[in-house]
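No lab work stands behind these numbers, since they all come straight from the coordinates. Worth saying up front: this structure is predicted, and the values here are computed from it rather than measured. Cβ placement follows ideal geometry from the backbone for every residue including glycine, while neighbour counts extend to all protein chains displayed.
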Amino acid sequence: MDSQHHTKSHSSPKATDPIDHSKLNAMRELLGDDFESLIHAFLSSGTSIVASLPIAIENQDAIEVERLTHSLKSASANVGATALSNMANDAENRIRDCGLNKIESITSCIKLEFEQVQIELKKQL
Amino acid sequence: MQATQSASATPSTDEQPKGLALIVDDELSNRIVLNALLKKMNYTIVQAENGAQAIERYKETQPDIIFMDIMMPVMDGFDSTVQIKALCGNTFVPIIFLTAMTDEKALARCVEVGGDDFLTKPFNHTVLKSKIRAMERIRDLHREVKTLLDQREHEEEIAEKVFSGAVMAGNVMPEKLKALMRPAAVFSGDVLLTAYAPNGDLNVLLGDFTGHGLSAALGALPVSETFRAMTIKGFSVDQILNEINRKLHTLLPTGMFMAAQFVRINHTMDSMTLCCCGMPDILITNITGTEIKHRIPSTGLPLGIIPDADYLHSMSSISADLEDRALLVSDGVTEARSPDGEYFGQERLENILAKGNGKESIVNSIANTLERFCLDAPQDDDISLVEVPFLPDVLAVFEDQHSSGTEEKKGAKNSDDSQNNSLKFVVTLEGPRLLRIDPVPLLINQIQELEGLKEQRRIIFTILSELYINALDHGILNLNSTLKAKPGGFTTYFTEREKRLKELSDGYITISIYSRLYSSSGEVIIQVKDSGPGFDYANYIANIQSDLSTPSGRGLLLTKELCESLTYSNSGNQVEAIYTWDNN
């Protein structure tokens, strides 16, 4: 419902909570005992994606960068990390439109945002 | 059986086990969320991390529904879907693409590769539930249709067996008559019927009903019954066609009818009688097919269109040489198509005939060329090919039951026979009635009804037909049989005969039949008298005995051999045949 707003505000993420708690709580309700494994799964794949992104950019592997941001987009949406998901979406669209040109400006924001999300999610365990 | 089907009609609740779902996604958190949602809906779940693994899981577990991510390492969702759908065959396994993509081309591709729906990420419980419900509905419908189709196919096969048993099993199939029937569906709308007349004539009818499949095949049953009953009773070709037409007109709905080709090989081996009603030309060729001697075009309406069609004037009689062939071909042959959509056509058909070398039957060489032409193109219409050879071999072989020898006649054979009885009846046909009525089958059936003749019926039929035809053709119509001997003579003869019959205003033929039956022997006296001037019978009989090569008179001589005596009297316009038999 507020995705439009977040899409435009990715350049100033600190202004908002990295986690949409209503979404996260809905997920906790749905998953029950599996909620923790979701958080673990997200933290593990998120960490791996954030670490892989600079390498793929270094290798000029646009396909891999696109795949990584695409994965991050849906994974972060699952845990209510809406701002992160929107950033990943922006990155994915940008690669599709103009390749890896100046992609680092977005991926460095992604890295910072992921760290915020990580801190917030660990509190939930 | 019905109960399991109707389960789909009651709304499915989340409490019922739903079956097995396969989740294919490389992102673990996605699988966890979808897994939880599906578990809530009572699905059992298997998972795969990429397209290749999905194929393996599909083979191992045969899931009921598949959720497929698009972008995955090793193998993407598109390729995986193509392969899984191929493995599914006739079974409907819904594949729902999981997509975060907004790219329209990618969405279109999901459907192209065989996907059944999309689900956008992040997953929403309500949307997922509705989509699954819709898919289940389609899947159940699919299963129901498949069950019905299987059932129908099974029933059709049984029905076809019963049906062809009833229609085709009654056929006589002389070895030299070649036929190829290749239906487009389980049921054929083409029907081939063959039967012997009491005098040994072979009747062959190839019918082609409008359409094909079951509805087209249904009409074959009454047609076969009428064809067989009337042939066996000795009715003429036009009478048989008239009756079939009447019956089909009553039975078939408007717009349905039967085109037909009819050939009668006359037992006298001097001619064939043909009729084509709305079918391709009947071709009369030499033995190899290289020479087309006659084309018999369609002159009659297809059967069943109008209530009172009269096929008398649509008949053709042609003289034929031994080993000539009458070719009956349904339009399924000329209209058969190659994989490129090209028609087989009449020209191609006749080219095969022209190249005939006699090494294989005409039917076989056409069938072989046709097969090479059509390859695996779908067959649109029933294909039928029949080759009727003009040979005594195809005629009925009846055991010679008449006791030609009189030496064994027992002196006082019947004096003490308690079943001694006799019967006499006389029929006189006058003027124009002679055109409309063929009294021979009627009389024979009358005698049979009254006297219960069995084996003798054929012979009495032959004698009576011959005498009646002679009285009509020569006595009343004053036709000369020597006409037949000239080239094209048969056609001239029959055209002239028809013309004179139509103009006939007076004259009469009287037939008297007097029969005496004992327990195992009997005697039938047939007298035929006409109003004509008669002929010099003494001289005539002497002549035909010395020259058997002329077709004229041959029939009379045959009759004379069948009878104990054959006597002309008056001016030659009255004849009496005595036929006796003794089964002891």
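The table below lists the values:
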read-out: Mean separation of Cα contacts under 8 Å, 6 or more apart, over the residue count of chain A: relative contact order %; value: 35 percent
read-out: Compactness of the stretch A:19-92 - radius of gyration and Dmax, Cα, Å; value: 13.3, 42
read-out: The stretch B:421-582, relative contact order [Cα under 8 Å, separation at least 6], %; value: 29 percent
read-out: Fully extended contour minus Cα-Cα distance, from B:A134 to B:S512, at 0.36 nm per residue; value: 127.9 nm
read-out: Within a Gaussian network of chain A (alpha carbon springs, distance under 10 Å), most fluctuating of A:D20, A:D90, A:D34; value: A:D34
read-out: Overall Cα dimensions of the protein assembly as shown, principal axis frame, Å, largest first; value: 135, 57, 43
read-out: Those trypsin sites (Lys or Arg not before Pro) in the stretch A:32-125 that DSSP places in a loop and that have at most 11 other beta carbons within 10 Å; value: A:K102, A:K123
read-out: Efficiency of FRET from Cβ geometry, B:D281 and B:L251, R₀ 25 Å, rounded to 0.05; value: 0.35
read-out: Loop sites in the stretch B:429-504: trypsin sites (Lys or Arg not before Pro), DSSP, at most 16 other Cβ within 10 Å; value: B:K454
read-out: Label-reachable residues, the stretch B:22-38, where backbone N falls under 17 Å from a point 7 Å from A:D33's Cα toward its Cβ; value: B:32-33, B:35-38
read-out: Sparse-neighbourhood loop sites, GluC sites (Glu not before Pro) in the stretch B:128-215 - DSSP loop, at most 12 other Cβ within 10 angstrom; value: B:E175
read-out: Length-normalised contact order for chain B - Cα pairs under 8 Å, 6+ apart - percent; value: 10 percent
read-out: Angstrom value of the Kirkwood radius, inverse mean 1/r, which spans all Cα pairs in the stretch B:168-394; value: 17.5 Å
read-out: Principal axis dimensions, largest first and in whole angstrom, of the stretch B:421-582 by Cα; value: 49, 37, 28
read-out: Distance in nm between pseudo-label sites at B:T495 and A:A51 (7 Å out along the Cβ direction from Cα); value: 10.4 nm
read-out: Phi to ³J(HN,Hα) by Karplus 6.51 cos²θ - 1.76 cosθ + 1.60 over the stretch A:30-41, Hz, x for Gly, Pro; value: 5, 7, x, 4, 7, 4, 5, 5, 5, 4, 4, 4
read-out: log10 of Debye I(q)/I(0), alpha-carbon scatterers only, for chain A at 0.09, 0.20, 0.21 Å⁻¹; value: -0.23, -1.08, -1.18
read-out: For the stretch B:42-127, the fraction of alpha-carbon pairs in successive 5 Å shells from zero, as %; value: 3, 14, 27, 27, 18, 9, 1
read-out: On Cα atoms only, tilt of B:125-167 relative to the major axis of chain B in degrees; value: 20 degrees
read-out: For chain B, radius of gyration divided by Kirkwood radius, i.e. Rg to Rh on alpha-carbons; value: 1.21
read-out: Residues whose placed amide H lies under 5 Å from that of B:K178, excluding near-sequence neighbours; value: B:E387
read-out: Karplus-derived 3J(HN,Hα), 6.51/-1.76/1.60, for each residue of the stretch B:321-336, Hz, glycine and proline x; value: 9, 3, 6, 4, 10, 9, 9, 9, 9, 7, 5, x, 6, 5, 9, 5
